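Encoded as structure tokens, the structure appears first; notes follow it.
Rule-based calculations on the coordinates, nothing more; no lab input. All values reported here derive from a predicted model rather than from experimental measurement.
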Amino acid sequence: MTSRKKKYAMDPQPLGIGGQAEVFRARDKRTDEIVALKRVLNRYDETIARMKREIDVQTSISHPNVMPILDHSTSYVWYTMPLAAQVLGNMHPPNR
């Protein structure tokens, strides 16, 4: 598989950082599509296993409210998904 650096151009600063991974806005060099690229902060076995589970579960779900995995490394250290237009915390619940 082609390396992440050959496939994606990442913004220099992350959109967000969590306990085990960080998310960047990135451009797919092959298609010019803007994506979110999530990568692990370290390569500990536990971190890689968690990222693999996340990829496995997310690719097994087909639902309009779940972002699809577009691409991922074979070593499970990063993956890409569509870049969301907004975050859930900023959305208002629908009126009932």
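Listed values, structure above:
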quantity: For Kirkwood radius over Cα pairs in Å, calculated from these coordinates, the label among (1) 14.3; (2) 15.6; (3) 16.6; calculated: (1)
quantity: Angle between the chain longest axis and helix 45-60 axis [Cα atoms, degrees, rounded to 10]; calculated: 50
quantity: For Asp71, residues with placed amide H under 5 Å, excluding near neighbours; calculated: Thr80
